[in-house]
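The values are calculated or read from the model by the stated rules, or taken from the named source; none is laboratory data. None of the values given here were measured: they were computed from a predicted structure. Here the Cβ positions follow ideal geometry from the backbone for every residue, glycine too, while neighbour counts run over all protein chains shown. Protein only, heavy atoms only, side chains kept; ligands, DNA and RNA dropped before computing areas. Shrake-Rupley method; radii C 1.70, N 1.55, O 1.52, S 1.80 Å.
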Amino acid sequence: MRGVGSDCSNMESVNPFFRVLVLGNGLCGELAARALCAVGLSCTYAQVSELPTTIYSRLSHETFAEHIPVSCSDGTPWTTAAFDKMPSVKREGPFFKIDGGAEDLFGAVVFAFGASLGLHSDAIPMKVAAFQQTTPPAIPQRMGFVLDAGRDSDRYAAISAVEAALENQRKGGASYVFFRNAPVAVTGGELLYDQAKKAGVCFVRYEEGREPIIHQIAGQGNGLAFRIQAVDSVIGEPIDIQCDAIYGVGFAAPGAIQDAIYGIANYDVDQNGFLLSESIHCGLGQSFGRGVFAVGGCTGTLGLQQIASQALSVAVKARAWALRASSLASVDRISVNDECVRCLTCLRICPHSAISVNYAPARSKITSLTASCEQCGLCVSECPQEALDLIGFPQKGIESFLADIRQNAAEGSFVVYGCERSTSDLVAKIGAPPGALFLAVPCAGRVSESLLWATLNAGASGVLVIGCHPGNCASRYGTQWAGARVKEIWRKLQGMGIAAPVISYATTSARQPARFETLLHEFKRSLDKHAAATASRNENRQ
Amino acid sequence: MNKNRPIVILGGGVAGLAVADALAENGLPCMIVERETALGGRVKNWACTATDRCLGCYCCKVDDLIQSVRSSDMVSVQLGWEVARLVRDGSKIESVGIRSVQTGEEKVADACAVVAAVGFEPYNPSEKGFWGYKRLDGVATLVELNEWVQSGNLRSFVSDVNQPLRIAFFQCVGSRDRSIGANYCSEYCCSASLRMALHLRYSYPQWDISLFYIDLQIAGKMAGALLKDARSQGIHLIQGVPGEIIQADDGRLSVVNVKNGLNAREEFDKIILSTGQRPARGMNSVAEILGLKLNEFGFISQSHAGSQEHAPAPGVYVAGTCAEPGNIQKTLLSAGRAAALILADYSNL
């Protein structure tokens, strides 16, 4: 194992689990490579020139080297490779490799590139130049900056624009900033905003829907100039000024993220198209797909300081991942029996990309990648052949729970399958209704349709499945699968003419004991009400 | 090397837990020293604001971290203790003296590095009479509201939650305020209030909810979705925070807002003050013990973190809101940064 902080330049002797491939461009790529080397990992930085690079930093010229110190004996601490286009990256067992590239295997992949900057062209009636980090206010002039038009500007782009406005003002120019929300939620933002106001930068707050109107007019000599009209929403007065230059400050937009990236990143993308879903489980730059990370503008983060912290956080996670992946003994996490027909449902459904197929002439075998498998059980519950089982939470444990119900459960007992993460701490904190029989499952997604039927057949008067809130599941969508199965059973019961509220699904989090208690009592009440109604119907028939 | 000397982490909130978790995952021993009797810091009493789905407040991360740290044999936890002194051997850290909060007893913990993760103090709006806090019925802070929601005890604030209610959130209370030395944005409160507003609207659809802001700071991956939800749910987002709260004759709370140069008076049943983050109690003494400088606001910021040496004093690292105000995600990134820098420096500690 590579020592922490030691020389990282000699790659050949490195255990491939400790090699990381950075696919990126620009400062994000550099920061990622620096951070990985700083924590002692071996890094190959594949610089892909078609990937966007836009990020923002304060104009006060901080260098990224100050953010991430790397001490290495000589030369560049990482290996570089250059590509024009994004290469295709494939998984090979627990490793990654560049398709058609060198034979090198990597234990992890880090995407590290910038964003593009979008401008809401409907909101600004004519095309204005987009404010870029590199736009220097070289000659003092009358400069207009239009923030938040149609959509809030990226906070870091906006603060950079305020800084450019201030610099122009200090040099003797005149700066006008039109905005809806001043960018103060960034380090030093409020101070800079104050300084700019004191220096004479004119800030004009406008209302949503009343974006400034920009006209192009004749300027001095043969030059062009612009006229901006807006209404200051605080004092309610119109403002009408002329500028030599106008910049629109945009919002972060994902550069085209190719299929190549989507595939290896497990389609882990947010609603805006940035890498990594909105889930809090991806917040530090770690994808649901194990061994895949992302840093920088490609995740929607545009501020240099934040990107540096993200790169360092990813480096720490990547190193922990390398330790885990390499040191876990090859004990299988799931067992696969002979019923497997290699439909590859498990491979597609696994949120952590932990299932692989070992193709062999006689008989291909499904295997689980030891370090990636979190034993959530989604594969087990979706396998159409019921060929899979979790080593850490085997079916026979569930069967003895059901056998116990069959033999010993009192009348009116109902089962609660609770996700370990969200409910296991809560059970002890609440007053459960009588008859509740709990079984903690690794993820609500482990509760299959057949388990729900089996539980009813074992004599439970009802089954309540509780998972994490949608969007909060550590197995990405396990909770939604549980909900879908419950709904399916409802549908089938109704198709059979049984309108019994015997199955239900609800969500909670580990910090909602009051909610958890209410859910249990509500379910019990609905079962009791149904039992009473059935009893009285039976009585009336006699 | 220094296999047996752990990294001592001052503070068992989000930042301290995250640093401990990251270092433990990387095989390094840590000790968390927390002055309260439970882990979790400020977030332990913060509410989950999920509606029909998670809104990304990150509070449950603390629960995950506590579980992870408790089940790791690389992390030891000292509850009810605080730092008393730092002992160096030359420029390296040798040990940390800690003191029991309750008994005053002191003991020594070997250490190779120290992480300051002592967090923040929520602003107390009693300081300014015009907010009416602790004086007028129906005015509470965002902190209190979260405590009531989290403990299922909202009825102590709203006697009948099923009745229609007009409730308003006031942003920037104790933030962006030069007069109290808090000329900064606390960065968490606009989003936290908006999520709470969405959660309340979902739980009690008959409530009418307004949110008064100066500059709305909703950023992050869910920003678009949160704002879209706020609009479709009819939450009023109003620019301009009223300057004074008074109690009207009918017992309701009355405020005046200025818009387009005109005054407009509005009445509410309840007003929630979104309080900012102030430096933690005892920051001065922690800074002195560790040899750190505080910035003009009382935080341990290194201006642009990283623009000087990354460790402000040899062997001393900083994580979380004691450096800069922020939300949980920012704190987690800052903790990751501290852990990475410790790993990078480890052979020299």
- Message: Going residue by residue through the range A:284-306, is there one that turns out to be aromatic (Phe, Trp, Tyr) and within 9 Å of chain B (Cβ to nearest Cβ)?
- Response: no
- Note on the structure: Turns out the strands (runs of 3 or more DSSP E) fully within the range A:349-434 with at least 1 residues that are among the β-branched types (Val, Ile, Thr) are A:355-358, A:365-368, A:414-419
- Looking only at residues in the range A:163-180 that are within 14 Å of chain B (Cβ to nearest Cβ) and open to solvent by 10 Å² or more (accessible area, probe 1.4 Å), which one is nearest to the chain's Cα centre (by Cα)? A:ARG180
- Message: Need a quick list: strands (runs of 3 or more DSSP E) entirely within the range A:74-113 having at least 1 residues that are open to solvent by 60 Å² or more (accessible area, probe 1.4 Å) and in contact with a Ser or Thr (Cβ under 9 Å, 6 or more places away or on another chain).
- Response: A:79-83, A:89-92
- Task: Would you confirm whether any residue within the range A:402-417 is under 30 Å from A:SER287 (Cα atoms) and in contact with a helix residue (DSSP H, G or I) (Cβ under 8 Å, 6 or more places away or on another chain)?
- Result: yes
- For the range B:104-129, which residues satisfy the criterion of being at pLDDT below 95 and open to solvent by 50 Å² or more (accessible area, probe 1.4 Å)? B:GLU127
- Item | Test: B:LEU194 is open to solvent by less than 10 Å² (accessible area, probe 1.4 Å), under 28 Å from A:GLU207 (Cα atoms), within 14 Å of chain A (Cβ to nearest Cβ) and in contact (Cβ under 8 Å) with a residue 24 or more places away in the chain | yes
- Task: Please enumerate the residues belonging to the range A:134-148 that are farther than 16 Å from A:ARG170 by Cα, in a loop (DSSP other than H, G, I, E, B) and at pLDDT 65 or above.
- Result: A:LEU147, A:ASP148
- Note on the structure: Listed by first then second residue, the pairs whose first member lies in the range A:437-449 and is in contact (Cβ under 8 Å) with a residue 40 or more places away in the chain and open to solvent by 40 Å² or more (accessible area, probe 1.4 Å), whose partner is among the hydrophobic types (A, V, I, L, M, F, W, C) and assigned to a helix (DSSP H, G or I), with beta carbons under 8 Å and at least 6 positions apart or on separate chains, are A:GLU449/A:ILE489
- Residue identified as closer than 22 Å to B:PRO29 by Cβ, touching an Asp or Glu at 6+ places or on another chain (Cβ under 8 Å) and open to solvent by 50 Å² or more (accessible area, probe 1.4 Å) among B:LEU65, B:LEU79: B:LEU79
- Message: Against the conditions (1) crowded, with 20+ Cβ neighbours inside 10 Å; (2) not in a helix (DSSP H, G or I), where does B:LEU136 fall short? Just the number, please.
- Response: (1)
- Item | Matching residues, the range B:205-222, being within 10 Å of another protein chain (Cβ to nearest Cβ) and either in contact with a Ser or Thr (Cβ under 8 Å, 6 or more places away or on another chain) or open to solvent by 40 Å² or more (accessible area, probe 1.4 Å) (or both) | B:ILE214, B:GLN217, B:ILE218, B:ALA219, B:GLY220, B:LYS221
- Item | Filter result for A:PHE293 (aromatic (Phe, Trp, Tyr), at pLDDT below 90 and touching a strand residue (DSSP E or B) at 6+ places or on another chain (Cβ under 6 Å)) | no
- Any chance A:ARG406 is surrounded by 15 or more Cβ atoms within 10 Å (Cβ to Cβ) and among the basic types (Lys, Arg): no
- Message: Cβ contacts < 8 Å: first residue away from chain B (no Cβ under 14 Å), restricted to the range A:465-489; second residue surrounded by fewer than 23 Cβ atoms within 10 Å (Cβ to Cβ) and acidic (Asp, Glu), any location; separation 6+ or different chain. Result?
- Response: A:TRP481/A:GLU382; A:ARG485/A:GLU449; A:GLU488/A:GLU449; A:ILE489/A:GLU449
- Among the residues of the range A:186-204, write down those that are part of a loop (DSSP other than H, G, I, E, B), open to solvent by less than 20 Å² (accessible area, probe 1.4 Å) and within 13 Å of chain B (Cβ to nearest Cβ). A:VAL186
- Given the conditions (1) within 14 Å of chain B (Cβ to nearest Cβ); (2) over 30 Å from A:LEU51 (Cα atoms), every one holds for A:SER160 apart from (2)
